[in-house]
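Chemist: I am attaching a structure below and will ask some questions about it afterwards.
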């Protein structure tokens, strides 16, 4: 099994996509962190609610783990998706299954390898926000804020959440083999459908369907980061984590089942 | 000499939707010889090979390598080497990395990747991305991948595609040497002439069904046709008639067509009659014609599409 995981890691690192996505994640995390540090403590106005100040743990968590997660998770998702769909797109799946005809083991190895890459993305994203966000907070005179309430627990959880999103990507890629279709579907869902549904069902007071939308994967991820109650009554952080992990396991499990039976032509 | 493993296909049928790509196919491939797996495009060759390699699940029937299903082989890479399509490499990965990835998965020493690159003549370009490779280079890489585990059985799908004549000659020597070591070598092709000088035995497929199996000599056992060019065609015609040889008129370039004979016999006849010859040649596409006749059902049915 470790040989198969090493094989999958080698596949990822022997092409250029992974560091292209990593650069995207790092840059995007830095921008998020910078923006959060600048906007923290802003008065309410122009339709926006007041932002908690940088003296609060909530604001510091937004500058560090929340910014890292927001900047990184889509890139991690795409890495996971391409890890699977790339094999079909370039027909390397033939070689893969010839070398390892026990397909379930291949998919499981892929999940582990991509989870490890997700951890790497998360850690590097975290280093980025610590540097960028820390600098911005220092300039604003708040110090680094590294002793903020629940900061390091949340940092760790955010890194884990990124890893789970990579696994989600592998699962999506097994179910939708077309690379373009899989990426478009996943990004549309997380970027458009989920926020719209969340906004429509939870943001409109008359509906107030927090109880439903808080179970969606992005909202479960946010719960993990324990943000302030901006719009939604999030799940408890630990429950959010379990829900996210559940999505990952269900998608990955379906991926294993489907791959084992499918013809490779 | 190796012990060798036989490849068996027994009653294999594979349907794609309503289309029968392979229809109750049974044959065996012996170790120690090169077997040609022949048939026009769309006759089910690739489908059969993919079933043998556990990539497709047969609708019915079974396949085995040394009596074991591919998916149950304890050491697939060390048992069977396969090259299916020249395009199945990640364009952004180098040839060397591709082989190293395979070696890692199969638990083979990575230095073997460099050995294989050297063996197929790709050492110089091995660190470049496969996206820039020619079709012939990809074929060589496919062969290197197939040989990585030093397998007993070699299964190659259209390996001569994209190779230039020198490449085909190289491939021929290579495959013959592998078979001489006692390995089982199965090579598919839709062009008989590509593999004619390579294979000992043939399995001919048409529309998913077996139409002929046996040695190449058996396939080629029909009477031969000899073409003769001479400045004195009338005298040559008389001499041939006197030797009771069957002249079937002139071909498009003005050569006499002599049926059911050999170049030796026609040459001797001309020599004894004192007729000057400018060209004496055995019809080279004779075997090709037998092949086309065997498989023409597939050509007549132009409606047949689907995976090959």
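Bear in mind that the values in this text are calculations on the coordinates, not laboratory data. Given the structure is predicted, the values throughout are model-derived calculations rather than measurements. For neighbour counting, all protein chains shown are included, and Cβ atoms are generated from backbone atoms with ideal geometry for every residue, glycine included.
Chemist: Would you mind computing Rg(Cα) / (2.2 N^0.38 Å) for the protein assembly as shown, counting N as its residues?
Modeler: 1.33
Chemist: Now a separate question. What is the mean number of Cβ atoms from other protein chains located within 10 Å of the Cβ atom of each residue in peptide A:4-14, rounded to a whole number?
Modeler: Per-residue shielding by partner chains comes out at 4.
Chemist: Give me a single rounded figure for B:142-149: the average over its residues of other chain Cβ atoms within 10 Å of their Cβ.
Modeler: 1
Chemist: Fewest Cβ neighbours within 10 Å first, please rank A:110, A:214 accordingly.
Modeler: Starting with the residue having the fewest Cβ neighbours, the order is A:214, A:110.
Chemist: Separate question: Report, as an integer, the average count of C-beta atoms from other chains found within 10 Å of each Cβ along B:88-94. Don't skip to the answer; put the middle values down first.
Modeler: Working: counts 9, 4, 11, 3, 6, 7, 2.
Other-chain Cβ atoms within 10 Å of each residue's Cβ, averaged: 6.
Chemist: Using every pair of alpha-carbon atoms in region A:2-261, split the distances into 10 Å bins beginning at 0 and state the percent of pairs per bin, rounded to integers.
Modeler: Each 10 Å bin holds this share of Cα pairs: 8, 29, 33, 20, 8, 2, 0.
Chemist: With the radius of gyration and the Kirkwood radius both derived from the Cα set of chain B, what is their ratio Rg to Rh?
Modeler: Working: Rg = 22.9 Å, Rh = 21.4 Å.
Using Cα coordinates only, the ratio equals 1.07.
Chemist: How many percent of all Cα-Cα pairs in region B:1-126 sit more than 20 Å apart?
Modeler: Of all Cα-Cα pairs in region B:1-126, 54 percent lie more than 20 Å apart.
Chemist: Taking 41 Å as R0, compute the FRET efficiency from the Cβ-Cβ separation of residue A:261 and residue B:2 and round it to 0.05.
Modeler: Between residue A:261 and residue B:2 the formula returns 0.75.
Chemist: Pairing the Cα long axis of helix B:233-242 with the longest principal axis of chain B, what angle in degrees results, from 0 to 90 and rounded to the nearest 10?
Modeler: The angle comes out at about 90 degrees.
Chemist: Using a Gaussian network for chain A with springs between C-alpha atoms less than 10 Å apart, which of these wobbles most: A:71, A:125, A:143?
Modeler: Comparing A:71, A:125, A:143 in a Gaussian network model of chain A, the most mobile one is A:143.
Chemist: Right, another one. Could you identify which residue out of B:201, B:296, B:279 has the top mean-square fluctuation in a GNM of chain B using Cα springs shorter than 10 Å?
Modeler: Maximum fluctuation in the GNM of chain B, among the listed residues, is at B:279.
Chemist: Using r as the Cβ-Cβ distance of residue A:6 and residue A:191, and R0 as 45 Å, what FRET efficiency do you calculate, to the nearest 0.05?
Modeler: On the way: r = 33 Å, r/R0 = 0.74.
Given R0 = 45 Å and the Cβ-Cβ separation, E is 0.85.
Chemist: Further, regarding this structure: Each label point is 7 Å from the Cα along the Cα-to-Cβ direction; what then is the distance between the points at residue B:278 and residue B:238, in nm?
Modeler: Computed distance between label sites residue B:278 and residue B:238 equals 2.1 nm.
Chemist: Let me ask something additional. On average over all directions, what projected area in square nanometres does region B:125-191 have, based on the convex hull of its Cα atoms?
Modeler: Over every viewing direction, the Cα hull of region B:125-191 projects on average to 4.9 nm².
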